[in-house]
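Shown next, in structure tokens, is the structure this report addresses.
The values are calculated or read from the model by the stated rules, or taken from the named source; none is laboratory data. The structure displayed is predicted, hence computed values, not measured ones. Note: ideal-geometry Cβ built from the backbone for every residue, glycine included; neighbour counts use all protein chains shown.
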Amino acid sequence: MTDRIRQIVLARCLEHNGLSERKVDVARGDDAPLFGIDGVLTSLELVSLIVAVEQEIEDQLGVMVTLADAKAASQRSSPFRTVGALVEYAAGRVAEEAGMEAGGHD
């Protein structure tokens, strides 16, 4: 699951690179900076990337997730700082949502 999410995030980063002068260094893999001190994305570009990743996760994995929410904002380290951080955070959210769907809602 994590590998598929990594592929999704990297593919969306490559898509971003085709549209922007500020390029995500996808050759760095999980260590590629996205947002923050060393990041290359503007706030608007980050939102665009997150929405694209959410949509692709839903399309490929059949799980609807929201990645930019209060839970993301409350993390000690931003889940948007690097590709790896985003992949890890998204995988956790997918697992939570998939578990909730499998377990049903009360």
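What to note about this one:
- Residue identified as crowded, with 17+ Cβ neighbours inside 10 Å, under 13 Å from the mean Cα position of the chain (by Cα) and part of a helix (DSSP H, G or I) among Arg4, Arg12: Arg12
- Within segment 17-46, the set of residues being under 18 Å from Ala90 (Cα atoms), assigned to a helix (DSSP H, G or I) and over 10 Å from the mean Cα position of the chain (by Cα) comprises Val26, Gly29, Asp30, Asp31, Glu45.
- From the options Ala27, Ala32, residue that is crowded, with 17+ Cβ neighbours inside 10 Å and at pLDDT 95 or above: Ala32
- Leu49 fulfils the conditions (1) under 11 Å from Val83 (Cβ atoms); (2) surrounded by fewer than 18 Cβ atoms within 10 Å (Cβ to Cβ) except for a single criterion, (2).
- Each residue in segment 66-96 was checked for being touching a helix residue (DSSP H, G or I) at 6+ places or on another chain (Cβ under 6 Å), in a loop (DSSP other than H, G, I, E, B) and surrounded by fewer than 21 Cβ atoms within 10 Å (Cβ to Cβ), and 2 pass.
- Where a residue in segment 8-28 is charged (D, E, K, R) and its partner, wherever it lies, is surrounded by 14 or more Cβ atoms within 10 Å (Cβ to Cβ) and not in a helix (DSSP H, G or I), with Cβ under 7 Å and at least six apart: Arg22/Val40; Arg22/Leu41; Lys23/Val40; Asp25/Ala32
- The number of residues in segment 56-65 being part of a helix (DSSP H, G or I) and either of a type in the set (A, V, I, L, M) or buried (at least 18 other Cβ atoms within 10 Å of the Cβ) (or both) comes to 3.
- Among (1) among the β-branched types (Val, Ile, Thr); (2) assigned to a helix (DSSP H, G or I); (3) more than 15 Å from Leu10 (Cα to Cα), the one test that Val53 misses: (3)
- Pairs with Cβ under 9 Å, 6+ apart, first in segment 52-75 and free of Cβ contacts under 8 Å to residues at least 24 places away in the same chain and more than 21 Å from His16 (Cα to Cα), second of a type in the set (Gly, Ala, Ser) and surrounded by 12 or more Cβ atoms within 10 Å (Cβ to Cβ): Gly62/Ala98; Ala72/Ser78; Gln75/Ala85
- In the set (1) modelled with pLDDT of 95 or more; (2) over 12 Å from Arg12 (Cβ atoms), Asp69 fails one condition alone, (1).
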